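Structure first, then comments.
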Amino acid sequence: MHFRRTLLAAAALAAVTISANAGTMIENANGYTLNAKGQLVQFKALAFDDHGRLLAVGSAKEVAARAKGFKRVDVQGKTVLPGLIDAHGHVFGLGEVATSADLYTPTSLQAAQASIAKFAAANPQRKWVIGKGWNQEIWKLGRFPTVAELDAVVGDRPAAMERIDGHAMWVNTKALEAAGITRDTKDPEGGKIERDAQGNATGILVDTAMDYVYKVLPKPTEAEARAMLDGAMGILSSVGLTSVHDAGIDVGSDRLFREYADQGKLSTRVYAMIGDVGADFDQLAKAGPLKSYAGDRYALSAVKLYSDGALGSRGAALIHPYSDAPHTKGLLFNSDAAIGAKIEKAMKAGYQVNVHAIGDAGNKQILDSFEKLGKQFPLPAKRHRIEHAQVVQPSDIPRFKQLSIVPSMQPTHATSDQNMAEQRVGAQRIKGAYAWHTFLQQGSRIACGSDFPIESPNPLQGIHAAVTRQDMQNVPAGGWYKEQAMTLTEAFRCFTLDAAWAAHQEQAIGSLEKGKWADFIVLDQDLFKVKDDQIGKINVLETWVGGKQVFRK
């Protein structure tokens, strides 16, 4: 993946003249932003004060007249855009990728085994060998890898390799023993231990069955957690992300985010969601939702829940059996009553509720829960979300609009899944899958993200996928179900203003307008003039957050 190799008319103007030496003016810009109505407008300059707030955006003459004595920064005709926003990612997960065996890159089982063996040999001090990113579909195995195939390269200590979607784990014999998994161990609710004909575990744990391993995995040390956060911040700034929505954090992550925000080290804004409504929620929710902290650097006013698993591991819950595995419909993590109780607990505490749902049964379960609870808790004001909204039966799509539920979707999931999605769901159900155009046509506002580190965090690659319905190799020719593609302006909006809106932050970020934060990026090419198939190859030259440069190429 690219991010591993790199570590990876004008808006309103200020009405008064600013005193000397009170800020910065960016001039000679080829600028684009959205105005308050969501329309695309161009500008040549912008000015912001020393607190990082925008004072003027517009023509060179107008901005200069209101920024006398300001420091001048000439961007030499380069393209300037509002900072891009990823509405669904995992910050510490991104940082952890650099400290794990690389399974994103290998295109065969043998290459994956070699990568694991190399990592294990280079890290003899580690009690567990951890890896991330495998995908048996790319390996063209026609099956999951086995415990014996992992034992062959790591036999001296436990090894656990997460699938690319984070919803399945490949483990060796030592890991099964450490987790206490035997042929007598029962499948947990919402999970599955894959077994052979004799009932023995094959080394694949799906969804909640992974918890057996997570409970015995060593926790990252304080130093490791800081290294993860430092690494993630560097990657996010380098790809032009000035804000991300972290989909599921715990008490330790919250503490570090606040500390980094206090110290000015949170170079990408974080809108965090508390992971589930258990002990972490009970502790973090004592003071109620945190809407803004340290100048909008951090917020904690949402909760992340799960309905089902992922399509690739057949853990996504479907109404009818999988087309390529008629013996299974996937897995709902909770009964209707249990997920309803979780959503109600979060709503009662005043939080936005964002629920992972990929299969059509998972999406229906959550829509049903929202509809039922909507009679008690008004839905529109909180902008509750379904994360992924990936395979939705067509009759349920209008319910998102009717219930004021935000579809939070990831364009690169479609281009990554094109090699297996239709096999999983068949020719009819695919019509309600990755259905961006259908959602937009009915008036839904899509919040776009990547689900990094499952996909690259590069939002320009996300815009590329949204517009072309092609991967970074521009496959397939003509686009995959191209009728569901977005226009370029729609894709730009879902990674800026609508992503901000989905976090209740549209008054502070998401566009370059007077009074908002000076979050912007400088590109080496014009997003609105390059050919569609070149969008993902645009490079970020500079990233600014709150009027401070946090990245320069």
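The values are calculated or read from the model by the stated rules, or taken from the named source; none is laboratory data. Bear in mind that the values here come from a model prediction, so they are computed numbers and not experimental data. With ideal geometry, Cβ positions are generated from the backbone for all residues, glycine too; neighbour counts draw on all protein chains shown. The accessibility values were calculated without ligands, DNA or RNA, using every heavy atom of the protein model including side chains. Shrake-Rupley method; radii C 1.70, N 1.55, O 1.52, S 1.80 Å.
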* Structure fact -> Whole-Hz Karplus couplings 3J(HN,Hα) for region 192-201, θ = phi - 60° and coefficients 6.51, -1.76, 1.60, Gly and Pro as x, run 8, 9, 5, 10, 8, 4, 8, x, 7, 5
* Structure fact -> Judged on accessible area alone, 1.4 Å probe, highest first, Y306, Y351 line up as Y306, Y351
* **Gap separating the Cα centres of region 504-544 and region 354-391, nearest whole Å** => 30 Å
* Using only alpha carbons, build the gyration tensor for the chain and give me the equivalent ellipsoid semi-axes, biggest first, whole Å. => 39, 25, 23
* **Eligible aspartates and glutamates near K118 by straight Cα distance, threshold 19 Å, same-chain separation 8 or greater** => E96, D102, E149, D151, D156, E162
* **Accessible area in square angstrom per residue, the chain, 1.4 angstrom probe** => 38 Å²
* Restraint check, K215/K304; K265/K516; K482/K537; K304/K548, Cα-Cα greater than 24 Å -> K304/K548
* Asked: Just how much of T79 is accessible, in Å², when a 1.4 Å probe is used and the result is rounded to the nearest 10?
  -> 10 Å²
* Asked: Given a Förster distance of 35 angstrom, what is the FRET efficiency for Q125 paired with V475, based on the Cβ-Cβ distance and rounded to 0.05?
  -> 0.25
* Across region 464-476, in residue order, what do the Karplus-derived ³J(HN,Hα) couplings come to in whole Hz, using 6.51 cos²θ - 1.76 cosθ + 1.60 with θ = phi - 60° and x for Gly and Pro? -> 3, 5, 5, 7, 9, 6, 10, 7, 6, 9, 6, 10, x
* Roughly what % of DSSP beta bridges within the chain run antiparallel, to the nearest 5? -> 50 percent
* Obtain the nm distance between the two label points defined at E371 and T107 by a simple spin-label model: each point lies 7 Å from its Cα along the Cα-to-C-beta direction. => 4.6 nm
* **Förster-model FRET efficiency, 30 Å R0, K529 and K401, C-beta, rounded to 0.05** => 0.35
* Structure fact -> In this structure, the FRET efficiency calculated for H320 and A65 from their beta-carbon separation, with R0 = 60 Å, to the nearest 0.05, is 0.40
* Compute the signed sum of charges (Lys and Arg +1, Asp and Glu -1) over the other residues within less than 10 Å, Cβ to Cβ, of G547. => -1
* **Compactness relative to 2.2 N^0.38 Å, alpha carbon Rg of region 67-196** => 1.50
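Grab the other residues whose beta carbon is less than 14 angstrom from that of V467, score K and R as +1, D and E as -1, and report the net. Let's see the in-between values first.
Values: positive: R469, K482, R493, K529, K531, K537; negative: D471, E483, E490, D532, D533.
Summing Lys and Arg as +1 and Asp and Glu as -1 gives +1.
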* Hey, for a label at K118 modelled as a point 7 Å past Cα toward Cβ, could you say which residues of region 148-173 have their backbone N under 15 Å away? => none
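At 1.4 Å probe size, with the rest of the protein present, what percent of the exposed accessible area of the chain is carbon and sulfur atoms?
52 percent
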* Accessible surface of F43 - all protein chains present, 1.4 Å probe, nearest 10 Å² -> 10 Å²
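All other residues with a Cβ under 15 Å from the Cβ of A477 taken together, and with Lys, Arg as +1 and Asp, Glu as -1, what is their net charge?
Here the count lands on 0.
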